[in-house]
Amino acid sequence: MVARLSGARIRLPFALALLLVFGVACQKGTASDDDSSNGAAASDSSDVVAADADSSATSESSWKDRLFGGGNDEGDEDEKKEPAIPVETAEVARRDIPAFLASTATLEPEKQATILSKQSGQVLKLRAEEGDWVKKGQIIAELDGAEERVRLEEAAARATGLKLEYERVQSLHEREMASDKQLHDAEASFAESEANRKAMELQVAQNLVRAPFAGQLTERHVDVGQNVEVGAEIFSIVDRTPLLARIHLAEKEVRELEVGQSIWISRDESDASEHQGSVLRISPIVDTRTGTVKVTCQLENASAEMRPGSFVRVKVQTGIHQDVLAIPKRALVAEGADTYVYRAEADSVVKVMVETGFTDSDFVEVVEGLESGARIVTVGHGGLKQGSRIDDMTAEIEGRYGESDLTDTASREP
């Protein structure tokens with residue numbers, strides 16, 4: 001019984017398949033008969049169906065093109081083309097590049113002092129003020145000094161009397177009417193009184209406060225009418241010629257320096273002006289705490305903006321590379337440990353890795369990566385990438401500002 005059921009299950013799908021094939025064949029036969037009996041109607045109907053099929057195919061093709069980005073329409077390509085980025089370029093050229101050691105320091109005057117009162121008394125007059133330039137020995141303040149002047153008069157009168165007594169005893173001694181002892185005593189008394197008179201003159205003179213050296217008064221510590229004691233602060237004075245900058249360099253770096261070597265000082269990185277000076281002294285010892293050597297630099301004829309106490313940057317030239325390939329520093333693009341530039345080729349750019357050498361305030365030596373005459377992007381590279389389209393504005397800017405003004409455009413972005 002089980003065997004019969006299994007056989008029936010196998011034969012049933014096969015029978016169904018035959019019935020389906022027979023039905024499809026009958027349907028095709030019927031359709032063929034209908035077509036032969038209604039030729040004109042079928043022809044018209046097939047034309048409509050064909051037109052609908054073409055329309056459907058076109059619609060489907062258009063839909064696929066929009067979905068998958070197909071099509072070669074030139075207008076679409078123009079719309080997709082990225083806009084050109086305005087930039088400025090510079091030519092890779094040869095020049096001399098010096099090497100520098102850089103450090104920071106605070107400007108200090110060669111001479112600075114606080115002028116103290118050598119006498120006690122009341123301040124009668126101030127003959128100078130903060131910011132004034134004074135000469136050595138110039139009177140800058142006056143104290144009362146009345147008591148010292150009285151003592152001077154007494155000392156002068158006593159010295160005059162003893163001088164007359166000495167002259168009288170000397171005359172008697174010449175006539176052998178006075179002993180040698182009397183002459184020596186008279187001479188000693190006169191000398192003592194004369195010394196006392198000179199001391200009192202000095203005290204009177206010290207009531208006039210004078211500048212110890214030529215320089216500029218930086219601070220006044222007293223007012224007119226104020227009573228001061230011996231040692232009271234009256235003025236502060238500095239001599240700004242020269243100004244000193246003390247830098248500390250590694251021992252191996254100092255080996256390349258010598259006294260008299262040129263240096264350049266600027267107030268900060270944004271200061272385009274540099275002031276030239278020289279190495280004044282090199283310490284003979286190494287600081288055991290820092291392992292550095294103190295180098296004292298001097299700045300002669302400092303301009304008004306260079307003031308004692310100003311924070312400055314100091315560069316010491318240690319060598320020079322002559323006639324080397326160089327580019328503006330602002331053209332460099334740093335990415336991690338590597339340095340790149342964008343080289344202009346026609347209306348696009350190529351990203352090129354470069355190796356640099358010596359550098360100064362504006363230019364950097366190119367050791368490898370570029371050739372002479374190549375043009376590299378100096379301004380506008382912030383929005384560039386490999387293959388970006390560019391619009392070189394250099395010629396237009398040179399015509400507008402002049403080539404000599406382009407050195408001041410380091411921070412300009414179009």
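When LYS135, LYS118, LYS329 are sorted by how many other C-beta atoms sit within 10 angstrom of their C-beta, beginning with the fewest, the order is LYS135, LYS329, LYS118. Can you give the Rg/Rh ratio of the range 112-174, where Rg is from the C-alpha atoms and Rh is the Kirkwood radius? In the range 112-174, Rg relative to Rh is 1.29.
Under 5 Å between amide hydrogens, built in the peptide plane, is the criterion, and for ASP132 it picks out LEU217 among residues at least 5 positions away or on other chains. Positive-end ranking of VAL169, ALA156, SER193 along the dipole of the range 151-197, with charges on Cβ about the Cα centre, is headed by ALA156. The residues packed around VAL364, meaning those with a beta-carbon under 11 Å from its beta-carbon, carry a net charge of -1 if Lys and Arg are +1 and Asp and Glu are -1. Each of VAL312, SER273, GLY260 was scored by the projection of its Cα onto the charge dipole of the range 238-329, and the greatest displacement toward the positive side belongs to VAL312; charges sit on the C-beta of Lys, Arg, Asp and Glu. Given +1 at the Cβ of Lys and Arg, -1 at the Cβ of Asp and Glu and no other charges, the dipole of the range 94-134 around its Cα centre is 100 debye to the nearest 20.
Taking other C-beta atoms within 10 angstrom as a stand-in for reagent exposure, THR218, THR160 fall in the order THR160, THR218, fewest first. Taking amide hydrogens as placed 1.01 Å from N in the peptide plane, the amide H of GLN119 sits under 5 Å from those of GLY231, each at least 5 positions away in sequence or on another chain.
Taking Cβ atoms as reference points and 12 Å as the exclusive limit, the residues near GLU142 contribute a net charge of +2, counting Lys and Arg as +1 and Asp and Glu as -1.
Just so you know, all these numbers are worked out from the coordinates, no wet-lab data involved. Source: prediction; values computed, not measured. All Cβ positions, glycine included, derive from the backbone under ideal geometry; neighbour counts span all protein chains shown.
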